[in-house]
Amino acid sequence: MTAATIISGKQISEEIRKGIALEVEQLSKQNVRPGLAVVLVGDDPASHVYVRNKEKACHDLGFYSEVHRLPADSSQDEVLALVDKLNAQESIHGILVQLPLPKHIQEKAVIDAIAVEKDVDGFHPVNVGNLVIGDDSLLPCTPAGVIEMIKRTGIEIAGKHAVVIGRSNIVGKPVSLLLQRENATVTMCHSRTGNMAEIARQADILVVAIGRANMIDASYVKPGAVVIDVGMNRLENGKLVGDVDFESVKAVSGPITPVPGGVGPMTITMLMQNTLIAAKRLNGLA
């Protein structure tokens, strides 16, 4: 049995970023600089790490970047007022409100307030609706990154049976729609699915996004299947692991993503890609 191919999100992400950097250079000749504003409310430690990574990516790619850090006790009206201001700001093409928000602020109200054409997270109901019907829209970053990784690894999606474990609005649902758009046949599994291992074993492509460390072992995987692990869990010993038990699964799977270094780097890269697309559209260049 040959060792499973490791799909390096880091490497694919770097390839995409090279393309983005070239486009940013071209745009600068037309006095356009993609601008991303990140809004962070409160002091969730993981969110602070993500926001720093986004800031760094902007800096590395020559984007204009603003980070608005608001105290945890900011009111919903204050957050909405800031979003409103950023909607009108010409130097900003993408707005991202870092989730989760403090409990007293309604996520839906904030997401709905972001201008559709600046919604680089792809969470606005209009963008979600366009995704469902197959119209052009800014795509959610992690699901778009998953599709990009599969394609750039040279794996044919059309005609394959894809099983998605997890039905969140952020990953499970949109990735299932994008897989259908690529002509896969898609089965969704979730916490109430009775015979999950049996269904998962039918998958040519298995995408796992359930938020439970190391839950999916080799018994869920058909020999040679492509396995994409979207999970990101920190164990008590501080180690970062996915939802897939990597050592167990790679013994039977085909190409597989590691954690860390798999889907993670792709998410921020697709956010940069979305901001670039938004900048071009808002300046009539796309």
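The table that follows gives values for the structure above.
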{"item": "Pair list, Cβ under 8 Å, 6 or more apart: segment 251-278 residue under 20 Å from Val97 (Cβ atoms), other residue open to solvent by 20 Å² or more (accessible area, probe 1.4 Å) and among the basic types (Lys, Arg)", "result": "Ile268/Lys54; Thr269/Arg17; Leu271/Lys54; Met272/Arg17"}
{"item": "Exclusive hit being over 25 Å from Lys56 (Cβ atoms) and not assigned by the TED database to the domain that holds Ala158, set Ala286, Ala218", "result": "Ala286"}
{"item": "Flag for Leu96 being open to solvent by less than 40 Å² (accessible area, probe 1.4 Å), modelled with pLDDT of 95 or more and more than 29 Å from Gly9 (Cα to Cα)", "result": "no"}
{"item": "Among residues of segment 6-56, those that are outside the structural domain of Ile105 (by the TED database), within 19 Å of the chain's Cα centre (by Cα), among the β-branched types (Val, Ile, Thr) and over 26 Å from Ala88 (Cα atoms), counted", "result": "3"}
{"item": "Residue among Leu240, Leu206, Leu178, Leu276 that is closer than 27 Å to His59 by Cα and at pLDDT 95 or above", "result": "Leu276"}
{"item": "Those residues of segment 183-199 which are under 23 Å from Lys151 (Cα atoms) and open to solvent by 50 Å² or more (accessible area, probe 1.4 Å), in sequence order", "result": "Asn183, Thr185, Met188"}
{"item": "Residue check for Asn274: touching a Cys at 6+ places or on another chain (Cβ under 9 Å) and outside the structural domain of Ile147 (by the TED database)", "result": "yes"}
{"item": "Every residue from segment 164-177 that is within 12 Å of the chain's Cα centre (by Cα) and open to solvent by less than 40 Å² (accessible area, probe 1.4 Å)", "result": "Val171, Gly172, Pro174, Val175"}
{"item": "Test: residue in segment 145-163 that is touching a residue at least 40 places away in the same chain (Cβ under 8 Å), in contact with an Asp or Glu (Cβ under 6 Å, 6 or more places away or on another chain) and either crowded, with 18+ Cβ neighbours inside 10 Å or assigned to a loop (DSSP other than H, G, I, E, B) (or both)", "result": "yes"}
{"item": "Matching entry among Gly238, Gly211 (being in the same structural domain as Leu179 (by the TED database), in contact (Cβ under 8 Å) with a residue 40 or more places away in the chain, farther than 25 Å from Ile16 by Cβ and surrounded by fewer than 23 Cβ atoms within 10 Å (Cβ to Cβ))", "result": "Gly211"}
{"item": "Options His48, His59: the member that is open to solvent by 30 Å² or more (accessible area, probe 1.4 Å) and modelled with pLDDT of 95 or more", "result": "His59"}
{"item": "Segment 55-72 residues that are touching a residue at least 40 places away in the same chain (Cβ under 8 Å), paired with ones that are open to solvent by 40 Å² or more (accessible area, probe 1.4 Å) and among the polar types (S, T, N, Q) (beta carbon under 7 Å, 6 or more apart)", "result": "Cys58/Ser65"}
{"item": "Meets criteria (of a type outside the set (Phe, Trp, Tyr), surrounded by fewer than 19 Cβ atoms within 10 Å (Cβ to Cβ), in contact with a strand residue (DSSP E or B) (Cβ under 8 Å, 6 or more places away or on another chain) and part of a helix (DSSP H, G or I)) for Gln180", "result": "yes"}
{"item": "Filtered residues of segment 16-45 (kept if surrounded by 12 or more Cβ atoms within 10 Å (Cβ to Cβ), closer than 30 Å to Val226 by Cα and of a type in the set (D, E, K, R))", "result": "Arg17"}
{"item": "Residues of segment 100-135 classified as in a loop (DSSP other than H, G, I, E, B), without any contact (Cβ under 8 Å) to a residue 60 or more places away in the chain, at negative phi and in contact with a helix residue (DSSP H, G or I) (Cβ under 9 Å, 6 or more places away or on another chain), total", "result": "8"}
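The values are calculated or read from the model by the stated rules, or taken from the named source; none is laboratory data. Computed from a prediction, not measured in an experiment: that's the story for all the values here. Here the Cβ is made from the backbone with ideal geometry for all residues, glycine too, and neighbour counts use every protein chain on show. SASA here: full protein model, heavy atoms, side chains in, ligands and nucleic acids out. Shrake-Rupley method; radii C 1.70, N 1.55, O 1.52, S 1.80 Å.
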